[in-house]
Amino acid sequence: MGVRNLIKLAMVIGTSLFLVGIVSFVVFWVGNGRVIIHPPEGSDVEQISYCAVDACPVMEHASAKESLTIPKGDYTVNITLDNNSNYVKNVTVGGFLAKAEIDVKSYKFSPSTLEGVDKQYVIPLNGGYVTYNQDDTAKPLGNAAQLQLDIRPLSAAKYVDENNVVLIYGTHAQDENNTVNAYASLYNTNSGAVSKIGDIDVTTSAQNTYYSSNAVYVVSAIDKTITKISADGIVTKSLPMQYSMNGSRPIVAFGKDFMAVISGNDYSPPIDDGEVEAPKPIASLITVYKISDFSKITEIDVGQRNDISDISLSPNDAWITITAKSNLISYNLKTGKKILSTPSTITESEHLVWSDDHSYLYQNGVTGLYRADLETKESYSIVDNSLLIVDYISCVIGEKVYLTASPNNPNSNTRMSQGGYTIDLSSDTSNTTVIDSDSLVRVLPYNGATFTIGYHFEKGKPVIDVDARAGSRNTAISMIYSLNQDPSDYMIIFNNYTNPFRKEGSR
Amino acid sequence: MNLVISKKTVLVAIALLVGICCLVFGTGPLINYLNEKTVDFKLSEYAKSIDIYAEKDSSGGPVASLNTSGTIRLKPGRYLVTPRGDNIITDEIYIEIDQTTTEISVNPYFTEEYLSTAFDADLKAIQEAIYKKYPNTIKDFTLSTGKFYHFGDWYGATLYNTQPFGEIGIDTYGILLHKENSWWGVVGDPEIVFLRASYSTVPEDIIDDVNQMIILN
């Protein structure tokens with residue numbers, strides 16, 4: 001082979017490599033898109049993780065903190081901020097290196113304490129509240145004390161409209177062979193009147209009690225019946241369909257007019273030693289029925305899985321969320337499309353509570369309380385992740401969340417609250433610079449020689465109370481700065497004080 | 001092996017290469033151009049010029065400069081604007097251009113050095129405004145040397161109580177004044193601490209500075 005031919009060969013190979021390079025670049029360019037992260041003012045991104053919606057919850061961690069270049073598709077992106085909060089957004093990434101932008105939001109609402117006794121659930125009544133659990137009698141506190149409760153355990157308490165609460169007293173086992181049947185009462189919060197709705201013929205417990213926006217349902221796996229308890233009365237029907245079980249709890253859900261069941265899901269919770277039995281996954285199907293006549297509305301194929309412990313219908317029957325072993329996945333009922341997956345956690349996902357027709361609150365892992373919004377396809381922490389270990393989200397009434405929890409760090413100044421906590425979500429959630437009042441709660445109250453600094457909450461916002469001698473008020477304000485808090489961010493009330501200038505200036 | 005490449009093949013290969021190059025290297029700039037936004041930069045009367053740097057590459061040269069108000073095409077993103085002029089703060093100003101940005105105002109304040117001397121003539125009017133609003137209470141207080149802010153249109157100071165045994169005690173107060181239509185007026189009332197929520201019309205940097213003045217005095 002001559003030199004000339006070698007040159008020709010080199011040219012052909014070079015051109016081929018060049019063309020391969022160009023084609024590869026074009027393929028990359030066509031097949032990939034970018035996700036650009038915009039953190040909120042005053043916060044930085046600590047970590048970005050993401051998963052393709054179909055592959056969630058197993059997430060990949062990105063090394064970059066501002067942007068990702070990933071193959072086009074639908075993704076769940078989880079952004080951890082340096083202020084102990086997380087923001088999760090579902091994005092569609094297009095090709096041609098098109099940009100999908102994420103404006104990260106950061107919310108921090110402050111928990112207020114509810115004094116009381118140690119119970120699992122809490123529900124507000126008449127400005128006071130009732131704490132209860134299934135093994136002990138309920139305890140009304142504050143203005144709710146006017147409600148005379150039964151001596152037997154309250155197994156459920158549920159607002160079925162703005163003014164009426166259904167109270168269900170669970171089956172009371174006197175001994176192995178002698179039980180007292182459950183019954184339901186209706187409590188009118190306006191008049192204070194309690195009227196018995198009726199006896200419930202099946203065994204009731206927290207395990208087989210379900211909630212919708214307007215009723216409480218008891219499902220009997222033994223009798224294969226559902227019992228609807230509402231202000232209108234008690235109705236029991238036989239269940240004609242098959243459904244999977246989570247231990248002794250049927251995996252069913254109730255909305256306004258629809259109910260949903262899951263089949264083909266052989267859920268095996270951890271056994272005593274923490275090991276998990278692993279039955280072979282089989283196709284799981286959610287079927288939605290009309291409660292009135294059990295006519296079939298729709299079916300959603302949720303894939304081959306065996307880890308679904310619960311399902312939940314939105315109050316308006318538009319969405320359904322499944323509680324899988326390590327995350328929550330929401331579907332649009334009409335289209336059957338997957339809408340939002342929450343990131344995976346090291347612990348099992350707990351239950352969720354709907355706060356409106358398209359949003360729900362959920363726990364994620366040991367700490368962290370989140371709100372998911374299915375309309376905007378996002379979820380975000382609503383309290384500092386390091387603040388509370390949430391035990392149970394009892395209910396959301398209006399914009400107030402009621403939950404039981406304990407302080408995450410025993411050395412922190414977060415108050416232990418036996419009765420539970422409330423979190424007021426009525427602050428403007430579009431405001432991304434919400435004050436971190438959690439840190440204020442950790443450093444107050446403070447007692448100085450000539451002043452005390454305390455706090456209380458008004459409409460969910462912290463108010464600083466300063467009790468200082470004349471001449472010591474500047475020192476008290478200076479101390480608030482020393483505690484690394486900016487007093488100008490809060491409302492401050494000086495006790496026994498009138499501003500002499502305001503007095504004259506307002507004349 | 002004897003490779004024969006005809007002229008026609010070479011020409012087709014070159015045309016193909018040129019076409020691919022145009023597609024690959026031309027599409028990017030075209031998309032970039034289409035992505036750019038026309039932004040109207042409005043410079044204040046004190047800012048004589050500005051340089052605009054891409055935030056990610058602020059150590060490199062400016063991506064654009066202006067000697068007067070005008071429009072510039074910029075890609076959406078984050079930028080740093082360096083203003084120049086007499087007696088103004090020339091610190092970098094952070095801006096963000098997104099799909100909705102059409103106008104950016106560059107309005108840097110006067111330097112502290114300039115503010116500390118240029119507006120002394122206003123002090124008499126400031127004192128008169130305070131005495132007029134609080135003719136009685138102010139008798140127990142002394143106005144400390146305060147500070148002008150921004151364009152000399154804001155003033156903050158502290159008020160010492162000269163009657164320590166009086167009923168209102170010896171707390172120190174801060175006072176804020178604002179000049180509008182050539183007239184100085186007291187903003188709200190003197191306070192032990194100014195709260196952002198109660199004084200939402202006052203720029204936050206002034207609230208922070210006056211609050212610090214109160215506790216340091």
Checklist line | Close pairs (6 angstrom Cβ cut-off, 6 or more residues apart or separate chains): within 12 Å of chain A (Cβ to nearest Cβ) in segment B:1-22, modelled with pLDDT under 75 and assigned to a loop (DSSP other than H, G, I, E, B) anywhere | finding: B:Met1/A:Met1
Notebook entry, point to check: For segment B:167-183, does any single residue satisfy the condition of being in contact with a His (Cβ under 9 Å, 6 or more places away or on another chain), within 14 Å of another protein chain (Cβ to nearest Cβ) and in a loop (DSSP other than H, G, I, E, B)?
Noted result: no
Item checked: Enumeration of residues in segment B:185-203 that are among the hydroxyl-bearing types (Ser, Thr, Tyr) and either more than 10 Å from chain A (Cβ to nearest Cβ) or assigned to a strand (DSSP E or B) (or both) -> B:Ser200, B:Thr201
Check: Within segment B:134-146, is there a residue that is among the polar types (S, T, N, Q), within 14 Å of another protein chain (Cβ to nearest Cβ), crowded, with 18+ Cβ neighbours inside 10 Å and not in a loop (DSSP other than H, G, I, E, B)?
Finding: yes
Next item on the list: Within segment A:28-86, track down each residue that is among the aromatic types (Phe, Trp, Tyr) and not in a strand (DSSP E or B).
Entry: A:Phe28, A:Trp29
Check: For segment A:217-236, how many residues meet the condition of being on the phi > 0 side of the Ramachandran plot and of a type in the set (Lys, Arg)?
Finding: 1
Next item on the list: Spot the failing condition for B:Ile104; the list is (1) at pLDDT 90 or above; (2) away from chain A (no Cβ under 13 Å); (3) surrounded by 16 or more Cβ atoms within 10 Å (Cβ to Cβ); (4) outside any loop (DSSP other than H, G, I, E, B), and only one is missed.
Entry: (1)
Check: Given the conditions (1) within 17 Å of B:Ile206 (Cβ to Cβ); (2) at pLDDT below 90, which single one is not true for B:Tyr149?
Finding: (2)
Next item on the list: Return only the number of the condition from (1) buried (at least 18 other Cβ atoms within 10 Å of the Cβ); (2) within 11 Å of chain A (Cβ to nearest Cβ); (3) within 20 Å of the chain's Cα centre (by Cα) that B:Trp154 does not satisfy.
Entry: (2)
Item checked: Residue identified as surrounded by 18 or more Cβ atoms within 10 Å (Cβ to Cβ) and free of Cβ contacts under 8 Å to residues at least 40 places away in the same chain among A:Tyr50, A:Tyr75, A:Tyr87 -> A:Tyr50
Notebook entry, point to check: Is it the case that B:Gly28 is in a helix (DSSP H, G or I) and at pLDDT below 80?
Noted result: yes
Next item on the list: Could you tell me which of the residues B:Ile175, B:Ile207, B:Ile215 is crowded, with 18+ Cβ neighbours inside 10 Å and within 28 Å of B:Val106 (Cα to Cα)?
Entry: B:Ile207
Notebook entry, point to check: Is it true that B:Lys133 is modelled with pLDDT of 90 or more and more than 24 Å from the chain's Cα centre (by Cα)?
Noted result: yes
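The values are calculated or read from the model by the stated rules, or taken from the named source; none is laboratory data. Predicted model only: the values in this text are computed from it and were never measured. Virtual Cβ from ideal backbone geometry, glycine too; neighbours counted across all protein chains shown.
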